[in-house]
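For reference, the structure is listed below as structure tokens.
The values are calculated or read from the model by the stated rules, or taken from the named source; none is laboratory data. Just so you know, these numbers come straight off a predicted model, no measurement behind them. When we count neighbours, we look across all protein chains shown, and the Cβ atoms used for this are built from the backbone with ideal geometry, even at glycine. What goes into the accessible areas is simple: the full protein's heavy atoms, side chains included, and nothing from ligands, DNA or RNA. Shrake-Rupley method; radii C 1.70, N 1.55, O 1.52, S 1.80 Å.
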Amino acid sequence: MKGLLRRTDLDRRLAGWVTGQPEEAAGWPVERWVAATVFWLIMAFVIIAFLNALNLQAVSAPLNSFLEQIFSFLPRLGAAALLLALAWALATIAKLIVTRGLARFNLDDRLAAQTGERSPFLLSETLGNVLYWFIFLFFLPIILDVLNLGGLYFQSKTC
């Protein structure tokens with residue numbers, strides 16, 4: 001598994017995408033983490049099979065229930081990953097539309113002409129970033145609900 005991931009150069013591309021800086025991606029050993037996870041999952045299956053072959057169900061039952069919990073959670077994790085990818089795509093498209101639309105109207109130049117000085121912050125970029133993170137914030141409760149990690153619910157006490 002580690003050799004296969006090393007050939008695809010997946011760890012550098014994934015770390016460069018997450019950090020946004022490909023030169024710092026070399027310090028993230030994603031292939032080692034994935035290979036170790038797959039190794040230990042296979043090892044857990046081997047240990048359970050070995051214990052079941054020895055008729056030691058009392059020992060293998062907790063390991064078996066642990067693996068059942070892990071694999072029952074995987075569809076939720078996949079759905080959350082899909083929602084996160086959808087949120088990222090929508091946020092990126094909305095940010096591009098807002099920044100390019102406001103740049104077409106020369107909003108930053110008009111604001112600089114009104115104030116008489118050039119601001120170090122571009123208003124179009126700032127509004128694009130606000131919309132970008134607002135879309136992620138909108139998707140956050142949905143993603144947490146898919147993972148069964150609901151937020152805090154405060155109940156008012158009636159006297």
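Points to keep in mind about this one:
- Taking residues in the range 132-149 that are polar (S, T, N, Q), and partners anywhere that are open to solvent by 70 Å² or more (accessible area, probe 1.4 Å), the pairs with Cβ atoms closer than 8 Å and at least 6 places apart or on different chains are N148/R76.
- Sub-8 Å Cβ pairs linking a first residue in the range 103-116 that is closer than 14 Å to G128 by Cα to a second residue that is part of a helix (DSSP H, G or I) and among the polar types (S, T, N, Q), at least 6 apart or interchain, are A103/S124; L107/S124; D108/S124, ordered by first then second residue.
- Taking first residues from the range 48-73 that are modelled with pLDDT of 85 or more and partners that are assigned to a helix (DSSP H, G or I) and surrounded by fewer than 12 Cβ atoms within 10 Å (Cβ to Cβ), the Cβ contacts under 8 Å between residues at least 6 apart in sequence or on separate chains come to L51/Q57.
- Matching residues in the range 59-115 - criterion: being open to solvent by less than 40 Å² (accessible area, probe 1.4 Å) and among the acidic types (D, E): D108
- Search result, residues across the range 35-58 that are open to solvent by 90 Å² or more (accessible area, probe 1.4 Å) and not in a helix (DSSP H, G or I): L54, N55
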